[in-house]
Structure formats: C-alpha cells, structure tokens
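Sharing a structure below in structure tokens format, with a few things to ask.
The values are calculated or read from the model by the stated rules, or taken from the named source; none is laboratory data. In this text the structure is predicted, and so the values were computed from the model without any measurement. All Cβ positions, glycine included, derive from the backbone under ideal geometry; neighbour counts span all protein chains shown.
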Amino acid sequence: MDFQPTLPIPISFISGRYLLFSIDAVTYLRREHNTCGVLIGTLPQIPQQNVFLGLPLELMPEEARLLVDKGVACIVDEAKAQKDGMQSLLEEDRRQYLRELESQGLQAARIVAGRKEQQKEDYFKKSLEKKGKKKPNVQSKETSNGDPTASPTGPSTANDEPASLGDFFAGDSSSSRGTSNSTPNPQHTYGVTPTTSYPPLPHPSASSDAILSRPDVPLSYPLFAHMHTRGYFLSPGLRFGCQYVAYPGDPLRFHSHFLVVSAEWDQDINLMDIIIGGRLGTGVKKGFLLGGPQKEKPEDGSEIERTESVRTFSIEWAGM
Amino acid sequence: MADADEDVINTSSAGAAQMDTDLSDETQDFRLLSHLNFLNDSTSSSLPKRGEKDFEPNPTEFQADVLSASRQAMHNALAHPRIHNPKTWVIGFYAPDGPMPPPDHVDTAKTAGKGMGVSQDSCVYIPNAKGSTFQSIGQADRWNRLWLLPEEAIYMLERGNLDIRWPSASTAPAEDEEDDISIPMSLQAAYSCFMGHAGLTLERYSVYAALRRLGYTVLRAPAWDDSAKPYNTKTEMDIDAYTQPTHRGPGLGGILACISNWMSDPFSTASPAAGPLVGCGIHRSHNDVYRKMALIPWYDPALAPQKDPLDTTAPFRVVLHVYKPGTVIKKSAIPPPDFRIAVLSTREQTTIPTLPELSALLQSTPLDPPRGEKMERMMYMRVRHGYRNVVLAVVDQGVTSFLRVGDAAFGKEKLFAAKYAPRGTKKSGYSKPKR
C-alpha cells in the first residue's frame with residue numbers, strides 16, 4: 001500500500017492525452033498528491049459494465065502539468081519509447097522476461113487450481129451436510145479423481161489442500177524443467193498480459209530523447225493549481241455543468257463541495273451565467289465557485305505569482 | 001475493519017431509492033467491488049450499491065481507516081492481472097505495416113494488403129480465433145486469419161480475451177528461433193501502438209469501449225476517416241440547405257398569395273390585407289380560423305435535403321454505427337444502424353455546436369420519421385423523436401456523456417386538428433373538435 005515509486009513517474013503521452021498505466025503510480029499520486037484522474041479502461045474481472053473502470057488512468061493536462069512542475073512526474077512520448085525500447089532490447093533480457101512471465105503464469109495457474117479445489121470441497125461439504133445419503137456418491141467421485149487423501153466422512157481442508165497443491169507444484173516444476181527455454185507447457189501455464197511495459201523496458205531516464213516538455217494548459221490553470229494546493233481534489237466537471245468538480249478529500253469517501261468555473265479578472269461575465277451556476281450548484285447542494293488570477297497576462301508575473309493572485313468567490317442561493 | 005464494511009452494506013441496502021440514481025455518475029467505492037466474487041461469475045451478476053460518503057474530512061482515525069481500506073480495495077481491483085486459461089488462450093500478432101499475406105504466401109500475392117478483403121486500417125491478426133467474443137468483430141482474410149482494427153484489438157486485450165505479440169521483426173533484428181521470443185504486448189504497449197493509428201483517438205476509443213462494455217455492437221461508419229470526401233460534390237446547393245432551411249407556412253409569400261386571393265375573390269370570409277387576420281363573416285369551423293392565423297413560418301425537417309455522410313466536417317460527422325444488443329450482424333450484409341454517433345472532445349471543441357454545424361450533421365443522417373401506433377397516439381413522443389436524429393458523445397477528459405439530438409417538427413403538429421390532442425387540466429379554453 002505504501003509503495004514508493006521511483007521519481008519522476010513517467011506519464012505516457014499517447015495521441016495527445018496523458019495516461020498512467022502503473023497501479024503503484026496511480027495509488028501513490030492519489031495518496032500523496034491529491035491526483036485522481038479518470039479511470040477509462042475495462043476491468044478484466046467484470047468487463048460488461050461501466051460503473052467500475054480500470055487502468056489506464058487519464059490525467060487532465062492541468063494535472064500532468066502540476067505534477068511535472070512539482071518534479072514528481074515527467075512526460076514520455078510512449079509510442080516512440082515503446083518502439084525504440086523494443087528494438088534495442090537484448091535477447092538476454094527478452095528471454096529473462098519471458099521466463100518471468102512464465103513463472104507468473106504458473107503462479108496464476110496454481111492459484112486458480114487451488115481456488116477450484118477449494119470450491120469443489122466447499123461444494124462437497126455442503127452436499128454432505130445436506131444429505132448424508134449422498135455419501136457413497138461423493139466417495140466414488142473423489143476416488144475417481146485420484147485424490148486418495150480425501151476421506152468420505154469429513155474431507156478436511158487442512159488435509160486435502162496441501163496435498164493436491166503439492167502435486168500440482170511437483171508436476172509443474174518438473175515439466176518446466178524438462179522443457180526449459182522453450183514454449184511453456186500449455187497444460188499448466190496460464191498466459192499473462194502485463195499492464196505496463198516497464199519491465200522489460202528500462203525505466204525512462206530524464207535524459208532520454210522520448211521525454212517531452214511540460215504540457216500546455218488552458219487559461220483556467222491558475223485556478224486549478226490554487227485549489228489543488230489548498231488540498232482539494234479536482235476532476236473534470238462538464239457533466240455537472242462546470243469546469244472542475246472540487247472535492248474536499250478523496251472522492252472515494254467525500255461528496256464534492258464546489259462546482260468550479262474559471263474566469264479572467266477583467267472578463268465580462270453574463271449575469272445569467274452566474275444565476276444559472278448559482279441555481280445549479282444550490283440544486284445539487286454544492287457551492288458555485290467562480291475564480292481566476294488577478295494578474296491576467298503572463299507578462300504580469302510568473303506563473304507562481306499568478307497562481308498566488310487567484311481569488312475565488314462562491315455563490316449560493318440564500319433564499320429559504 | 002470488517003465492522004465498517006458491514007455498516008456500509010447495511011446502510012446502503014436500506015436506501016433503496018439510491019438505486020434510481022446513475023451509479024456511474026460518481027466515483028465509486030471500490031470496497032463494494034471486493035464483495036463481488038469474481039470467480040463465481042454465475043452467482044454475482046448484480047452490481048453493488050453505492051457506499052456512504054462523508055461530508056468533509058475530519059481528523060478521526062476511523063475516517064482515515066475507512067479511506068485507506070477504500071484505497072486498498074481500489075488498488076487490489078485495479079491490480080487484477082489479465083491471465084489466459086490455456087483452453088481459451090487466443091494469441092494475436094501485431095502487424096505494424098497493415099494487412100499482409102502470410103510469409104510463405106508473399107510470392108503468390110504480390111499485392112500486399114490489397115484485395116485481401118480486409119480493412120487497410122487493421123493492425124492485428126489472429127491465426128485461429130475461437131470463442132463467441134470474436135464473432136462480431138474483425139474481418140477474415142482468405143487464409144482464415146481474423147484481422148482486427150486497432151480499437152477492437154485494444155478492447156479485446158483490455159478485457160483479457162486476447163494476447164497480442166510483438167512481431168519478431170521489431171523486437172529482434174535477426175533471430176533463429178522466432179516463435180520462442182515473441183514478447184506479449186502489455187496494455188501500455190497496445191495503447192501506445194494502436195492509439196492514433198488510422199484515425200483512432202482516445203475519445204473515439206472511450207466511446208467505443210463504453211458501448212461495447214454495455215453489450216452494443218459498434219462498427220466504424222464511412223465518415224470515420226476525417227479526410228474522406230464524397231465523390232460527386234454539389235456544394236452550392238448544400239450551403240443553401242442550412243443557411244436557408246426549408247420553410248413551410250405562409251410566410252411573406254403566403255401573405256402576398258392571400259392578398260392576391262382576396263383581389264380575385266373579395267367576398268371570401270377573410271380579408272387579411274385590409275383588416276384583421278380573420279375577417280368578419282360566418283365561420284363554421286374552428287380549424288379554418290386557426291389555419292388562417294398560422295402566419296409564422298416553420299422548418300420542416302422532412303423536406304430538408306439529404307446530404308452525403310462524407311460531406312460533413314469533423315468533428316461533426318457520424319463516426320460510429322451502433323446496434324442494439326442481440327442484433328444479428330452478418331459481416332457480409334450489414335444492416336442500417338440503430339444509432340449514429342458523432343464523437344466530440346471537450347478540449348478541442350470548447351463551445352456549444354452552432355446551428356449550421358448541427359444542421360449539417362443531422363442532414364447527413366437518413367430520414368427517420370416517428371412511426372408506429374404509439375407514436376401516432378402520443379404527440380410529445382413524436383416531437384421528441386424528431387425526423388432525423390444523431391447521438392453526440394461528448395468526452396470530457398475521459399468522462400463521457402451521450403446526448404441525443406433530434407430534428408423536431410413542431411410545425412407539423414397541428415394542435416387544433418390533432419386527433420389525439422393533449423388535454424390540459426383547464427376546463428375552459430381549448431376543446432377537442434367534435435367529429
């Protein structure tokens with residue numbers, strides 16, 4: 001849980017968007033840097049739904065920029081990094097990586113097999129408890145499975161599990177030893193699709209030519225940075241009728257407090273927009289927050305100064 | 001910790017009303033996910049209910065514990081590996097140069113790619129595809145290999161149904177044992193190689209995957225390629241089409257016609273040029289009076305000209321065709337789609353679409369007038385359905401909203417002549433015409 005990734009964390013820049021693929025980086029940024037992003041991938045364990053999504057995680061350009069400015073992350077041109085990395089990968093590394101995957105596959109196969117055994121046992125236990133009459137049936141089945149340790153009167157997990165798993169281990173290790181350095185035995189090894197390409201590729205170094213400059217951000221960035229430094233978690237808000245939705249803590253646990261809209265200091269704001277925003281926010285029990293830097297143009301001051309000059313206003317319908 | 005978990009379940013199951021709200025609208029508590037038993041997939045088909053949230057952080061250890069448990073559950077769920085059971089293990093190969101015949105057939109088919117009956121945008125092939133998941137995707141070539149488009153390849157890999165291998169050429173310069181060292185592509189590698197290939201943007205992919213996850217069949221529309229143009233262009237007529245949409249109703253010309261009518265037949269009931277709209281005289285029907293009063297011109301979408309779907313500008317063009325779950329689709333004869341989708345990214349398209357943009361988009365879709373007994377009976381359903389429709393998928397940094405735009409025809413609904421007119425609660429005023 002308290003994993004500390006190597007800094008700076010590489011953010012993959014793919015077709016104009018900022019993505020994260022490493023689960024450790026995602027957890028770390030969420031915990032230490034209030035950066036949630038949006039999960040956009042499919043969860044392989046329950047693929048037919050849109051409520052829980054998985055990796056990759058898409059970051060807003062604002063989030064990516066903030067992390068780069070903090071020195072926590074760097075932007076990597078992923079397509080280039082992948083192509084170059086794959087071409088320069090040595091055969092030795094490649095073989096070692098395949099061996100690694102093979103052992104992961106074996107482990108997965110073991111876990112799945114173990115779980116199946118467990119399920120089978122639970123099922124038998126239940127059926128035994130339900131109907132004492134079925135005992136002979138169970139016995140014949142278990143013996144036909146070639147599992148001599150299972151006793152028909154009460155198959156205890158403690159006895160059965162290690163034995164069957166042990167068999168599995170033995171069979172696997174011998175088969176992989178026998179056919180080492182060749183295609184894995186399909187009887188036992190599961191295929192594994194890794195989530196990231198690091199390894200086998202080396203961690204991108206800061207001097208690599210795949211590193212890109214910091215991301216371009218919209219005019220609302222000073223307000224974003226201002227809210228972020230005050231501990232708010234921000235996510236994209238168009239679906240709620242604003243630019244960002246601001247949460248007082250991790251959105252896993254807290255409801256959002258503000259609908260955030262950025263404006264320039266001397267910008268004309270339509271009164272109707274303020275009323276609409278105020279009514280919308282009040283309707284969903286949130287404040288409508290309008291803000292922006294007082295120093296507008298980049299020549300008015302450095303970015304830090306602009307961010308520090310941000311003022312915010314919240315509008316609420318006070319009528320009872 | 002177990003206690004807190006149970007708390008969450010109890011309180012959330014008590015509030016049944018919460019189920020009405022859209023779960024995907026908010027960040028979900030991943031602890032709920034861990035209650036699903038993934039391996040007994042048959043028993044846990046229902047989705048979890050939403051968890052309880054607090055108003056704001058407080059310094060209690062309890063809250064910190066709950067939060068860290070939530071984060072741990074999220075971590076575990078996201079760290080779930082993609083593993084392939086040997087029985088259902090499907091292996092595909094990345095072909096960076098597009099569809100190619102198999103190496104041992106290169107001499108016989110010199111026209112690499114062309115004439116294989118496979119889209120030139122395909123970039124992954126599967127030598128022997130098995131399983132029902134591959135029935136509605138891909139195109140087979142004559143060597144019985146299934147070619148996948150980039151979005152299909154990423155989606156299948158993401159679901160854990162496909163293991164894609166790097167081609168041996170791009171991993172190893174020259175090797176003897178090629179099969180031995182074909183490295184599986186990671187999720188990251190698949191995204192970085194396929195995204196941006198042949199017009200696939202992350203927004204389009206997000207929409208594609210979101211619909212596929214819900215069970216829809218999604219195919220590329222002809223206008224997928226931004227640069228594709230129709231063969232015969234009739235530009236000047238099309239510009240007129242949306243700057244001056246077809247109007248119906250009297251309008252100015254209609255009034256002039258009325259005047260000339262009046263000149264020729266001054267003893268008609270109405271005399272709009274000289275007097276009130278509905279002149280004095282004997283009026284025997286309300287409908288005639290209402291018809292005389294209908295002065296405001298209105299737009300009739302049924303008369304709007306049909307445009308070629310390719311004769312539109314990105315992003316306002318239909319890029320995806322969507323079919324409802326259960327539609328049987330033969331790859332040889334593709335039926336007309338149930339929905340047409342245009343994909344917009346909020347960072348590129350920062351303003352609300354203009355009327356000309358939307359009109360052009362709608363005119364590129366076929367006429368789909370409201371049909372059926374129910375539509376005939378219910379006027380508001382008819383208005384809402386419209387005569388043409390298109391779905392806008394607006395992607396805001398990974399968050400997708402779907403908006404349906406219909407070309408409604410209020411002018412076509414003559415309230416005074418309606419057979420099944422809506423009846424207000426008021427007693428006086430409008431009354432249903434008797435027949």
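Given the conditions (1) farther than 24 Å from residue A:26 by Cα; (2) at pLDDT 90 or above, which single one is not true for residue A:219?
(2)
Let me ask something else. Just for segment B:369-390: of the residues that are surrounded by 17 or more Cβ atoms within 10 Å (Cβ to Cβ) and aliphatic (A, V, I, L, M), which one is modelled with the highest pLDDT?
Initial filter on segment B:369-390 (surrounded by 17 or more Cβ atoms within 10 Å (Cβ to Cβ)): B:370, B:379, B:382, B:385-390.
Going one step further and asking which of them are aliphatic (A, V, I, L, M), we end up with B:379, B:390.
Values: B:379: 82, B:390: 92.
Top of the filtered list is B:390.
I would also like to ask the following. May I ask you to list the residues in segment B:122-136 that are modelled with pLDDT of 80 or more, under 26 Å from the mean Cα position of the chain (by Cα) and in a loop (DSSP other than H, G, I, E, B)?
Answer for segment B:122-136, where residues must be modelled with pLDDT of 80 or more, under 26 Å from the mean Cα position of the chain (by Cα) and in a loop (DSSP other than H, G, I, E, B): B:122, B:123.
Sticking with this one: Name the single residue that is surrounded by the most Cβ atoms within 10 Å (Cβ to Cβ) among those in segment B:138-163 being within 14 Å of chain A (Cβ to nearest Cβ) and assigned to a loop (DSSP other than H, G, I, E, B).
The extreme case among them is B:162.
Next up: From the set of residues in segment A:25-41 that are out of contact with any strand residue (DSSP E or B) (no Cβ under 6 Å at 6 or more places or on another chain) and under 20 Å from residue B:191 (Cβ atoms), which is surrounded by the most Cβ atoms within 10 Å (Cβ to Cβ)?
The residue in question is A:35.
Six or more apart or on different chains, Cβ under 7 Å: which pairs go from a residue in segment A:246-257 that's more than 7 Å from chain B (Cβ to nearest Cβ) and without any contact (Cβ under 8 Å) to a residue 60 or more places away in the chain to one that's part of a loop (DSSP other than H, G, I, E, B) and of a type in the set (D, E, K, R)? Could you list them?
A:256/A:286; A:257/A:286
Would you be able to tell me the number of residues in segment A:4-29 that are out of contact with any His (no Cβ under 9 Å at 6 or more places or on another chain) and more than 7 Å from every other protein chain (Cβ to nearest Cβ)?
Total satisfying the criteria: 14.
What number of residues within segment B:360-381 satisfy the criterion of being outside any loop (DSSP other than H, G, I, E, B) and closer than 14 Å to residue B:309 by Cβ?
4
For residues in segment A:52-63 being over 26 Å from residue B:85 (Cβ atoms) and within 7 Å of another protein chain (Cβ to nearest Cβ), which is farthest from the chain's Cα centre (by Cα)?
Only one residue fits best here, namely A:60.
Now for a different question. Scan segment A:64-85 residue by residue and report those that are at the interface with chain B (Cβ under 9 Å from one of its Cβ atoms), aliphatic (A, V, I, L, M) and surrounded by fewer than 23 Cβ atoms within 10 Å (Cβ to Cβ).
Across segment A:64-85, the qualifying residue is only A:79.
Being touching a helix residue (DSSP H, G or I) at 6+ places or on another chain (Cβ under 8 Å) and assigned by TED's automatic domain parsing to the domain that holds residue A:17 is the requirement here; does residue A:246 meet it? Break it down stepwise before answering.
Working: touching a helix residue (DSSP H, G or I) at 6+ places or on another chain (Cβ under 8 Å): yes; assigned by TED's automatic domain parsing to the domain that holds residue A:17: no.
No; evaluated as a whole, the condition is false for this residue.
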